[in-house]
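Q: Pasting a structure here, questions to come.
Values in this text are rule-based calculations from the coordinates and carry no lab data. Since we're looking at a predicted model, the values are computed, not measured. Using ideal geometry, Cβ is built from the backbone for each residue, glycine included, and neighbour counts are taken over all protein chains shown.
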C-alpha cells in the first residue's frame, strides 16, 4: 500500500453522536484545533455514527453547534455512515489476504469462554476457534446466512507493539494479551478501531491527540495500520479530567454538556480559556488566553501526564472576568435573550419562543433602536433602557442567566415581599413608615429632569448623615424599590425606574407597613 500521508499537519476530532458534546471531548477538540492551526494545518471533524441504534441527529446537531459556538472551526467534515463502502473494501482485502477471518461463534460461547479464562487466571482473549475453519464450512455458513463477525488475525502473538507517545514517551503492549479482535459485524458494520484506522489513513491524519482512555485502542489500530500498509500517525494521549477529589469527573463536580454551559450563560471565550488549562500549562504566570494566543503559545511538550483537575470556582471566576470585559452594548445584547426567556420582556415584531438559543434574537440588534414590551403592564422600552439595567449589574454577574433573577423587579408592575424586610436592624414599623414618608416627601420635590443618580445620592446621603445611620434611610429605600435584601445601589435603581415608579413603590411600601 502506498503511503498517502503528506507532511502537512492534519488533526481530527471524532465524536460519536450518542449524546451531547461534553467538556472532555470539547477539550480534546480544542487541543487538536490549536495544534493544527499553530502549524498552518487542517482540523477535521469526523462524526463517528456507525452505531445506528444509538446515534441521533439531535446529538450531531448539538456537537456541530457547540463546536461552532466555541469558535473551533473545522476545515473538513465527514460522517462514517457515508463511508461504509470504503470500510468494506478494506475488510474484504484482509479476508482475501488471510489477515482476517470469519467468526461464527455465538455470544453465549464467547461469554462462557471468557468466564473460564478469567477463572483460571488468564487474560480474556479469543481462543481462535474459527481461525482455521475450512473454506467449505465458511461458505456453508455464509450460504445459510449464519451471523458472523470478522476478526483481525494476530500473525505473531509474541510480538511487542510499541509507539512513542508525544506526551508520555514510549508505550509498549504484548500481542498475546490482545488476541484476535473483532473489526466488523458482518461486512457492513465496522467496529471502532478498524473504522478509525482506515479513516485516519484515508484522511491523511498526521497527529492523533486524544484522551488517555484511548491508549488501549492504540495497539489494535497500529496492527491494522501495519497489516494494511498504512503509515502510522503520531500519537499524543491527554490526561483525563478529574474532579477536585481526584475521582472521575461527573455532574456533581459541576461538569456538564457544552450546550448546558451555554444555556447557563458561560461565555465561549471563558470555556476556551478554562479548557486550555485542563492538562496544559504555558510555563509562565499568565492565565488569560484567547484562542488566537493559544494557537501561538500551545505546545504538546507542556501538556501534563497526570490528571487535570476540574475547578468550578475557577470557571466562575473566569466567566465573571470575561463578562466584565464586555462593552455596555455587547453585554446587553448577551443578556437580553435571558430576559426574554424569563418572560419579562418580548421583542416587538419578532416571534422568539426560546429566548436563549433563538436565532431570531441576533436580528434584534441589527436594528438601531430595537424595542421591547414589558409583559407586566405592557410598557414599551428600548435597548438603551435595558442597557442601563444590565450595566449596573455587570460587575455582579457570574453567569449571564443570573441577570433575570437580579433584575426581575424592573419588569414587575407590583413587588411582593415581607414587610419585615423593610426594617433596618431593630427599627419598628412606625420608624420604617416615617422613613418612607420622609423619602416620599424629599423625592417628590426633585424635578423629573434632575432625577438622576448624582442628584439622588447627593440629597439622600446628606439626609442620611443627619440621621447618623445611613442604613435607617437607605435600607428601606432599597427594599421598597427592589423587594430584595441585596441589589445595586438604590440611587442607580431609582434613576432607571424614574420618579413616577420610584414614588409609586415607596407608596406601596407604606401601605404594606400599615
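Q: What does the convex hull of the Cα atoms come to per residue for region 150-209, in Å³?
A: Spread over its residues, the Cα hull of region 150-209 gives 101 Å³ apiece.
Q: By how many degrees, 0 to 90 and rounded to 10, does the Cα axis of helix 57-70 deviate from the longest principal axis of the chain?
A: Taking the Cα atoms of the chain, the angle to 57-70 is about 60 degrees.
Q: For helix 218-228, what angle does its Cα long axis make with the longest principal axis of the chain, in degrees from 0 to 90 and rounded to 10?
A: It is inclined by approximately 50 degrees.
Q: Report the antiparallel proportion of the DSSP beta bridges in the chain as a percent, rounded to a multiple of 5.
A: If we restrict to bridges inside the chain, about 60 percent are antiparallel.
Q: Here's another thing I want to ask about it. Using just the Cα positions, wrap region 223-276 in a convex hull and report its mean projected area in square nanometres, one decimal place.
A: On the way: hull surface 24.9 nm².
Averaging across all directions leaves 6.2 nm² for the Cα convex hull.
Q: While we're here: How high is the relative contact order of the chain, given as a whole-number percent (alpha carbon pairs under 8 Å, six or more residues apart)? Don't jump to the answer; show the numbers that get you there.
A: Numbers: 763 pairs, mean separation 61.4, N = 514.
Relative contact order of the chain: 12 percent.
Q: Could you line up 479, 303 from fewest to most neighbouring Cβ atoms inside 10 Å?
A: Values: 479 27, 303 21.
Fewest to most other Cβ atoms nearby, the residues stand as 303, 479.
Q: Just to be sure I understand: if I project the alpha-carbon convex hull of region 374-514 onto a plane and average over all orientations, what area do I get in nm²?
A: Details: hull surface 34.7 nm².
Directional mean of the projected Cα hull area for region 374-514 stands at 8.7 nm².
Q: Which value, in nm² and rounded to one decimal, describes the direction-averaged projected area of the C-alpha convex hull of region 1-63? If you can, show how the numbers build up before the last one.
A: Values: hull surface 21.9 nm².
Over all viewing directions, region 1-63 projects a mean Cα-hull area of 5.5 nm².
Q: Whole-Å semi-axes of region 75-194's equivalent ellipsoid, largest first, each the root of 5 times a Cα gyration tensor eigenvalue? Intermediate results must be reported in sequence, preceding the final value.
A: Numbers: eigenvalues 127, 110, 38 Å².
Rounded to whole Å, the semi-axes are 25, 23, 14.
Q: Which value, to two decimals, describes the C-alpha radius of gyration of the chain once divided by 2.2 N^0.38 Å? Don't skip to the end; give the middle numbers.
A: Details: Rg = 31.9 Å, N = 514, 2.2 N^0.38 = 23.6 Å.
Scaled against compact globular proteins, the figure is 1.35.
Q: Would you list 171, 493 from fewest to most Cβ contacts within 10 Å? Write down the numbers at each step before the final one.
A: Details: 171 15, 493 24.
Result, fewest neighbours first: 171, 493.
Q: Sticking with this one: Measuring from the lowest to the highest alpha carbon on each principal axis, how far does region 128-285 reach, largest first, in angstroms?
A: Largest to smallest, the principal-axis extents are 67, 36, 33 Å.
Q: Among DSSP bridges having both ends in region 181-338, what percentage is antiparallel? Round to the nearest 5. It would help to have the intermediate numbers written out before the result.
A: Values: 4 of 11 bridges.
Antiparallel: roughly 35 percent of the beta bridges in region 181-338.
Q: How big is region 462-514 by Rg and Dmax over its Cα atoms, in Å?
A: 11.1, 28
Q: Counting other beta carbons within 10 Å of each Cβ, put 203, 275 in order, fewest first. Don't jump to the answer; show the numbers that get you there.
A: Details: 203 18, 275 26.
Listing 203, 275 from fewest to most nearby Cβ atoms yields 203, 275.
Q: What's the FRET efficiency of residue 425 with residue 77 using the Cβ-Cβ distance as r and R₀ = 56 Å, to the nearest 0.05? Write down the numbers at each step before the final one.
A: On the way: r = 63 Å, r/R0 = 1.13.
E(calc), rounded to 0.05, equals 0.30.
Q: Just to confirm the number: angle between the C-alpha axis of helix 23-38 and the first principal axis of the chain, 0 to 90 degrees, nearest 10?
A: The helix 23-38 is inclined about 80 degrees to the chain.
Q: Let me ask something additional. Across region 1-149, how large is the tail of the calculated P(r) beyond 19 Å, expressed as a percent of all Cα pairs?
A: Details: 7559 of 11026 pairs.
That fraction is 69 percent.
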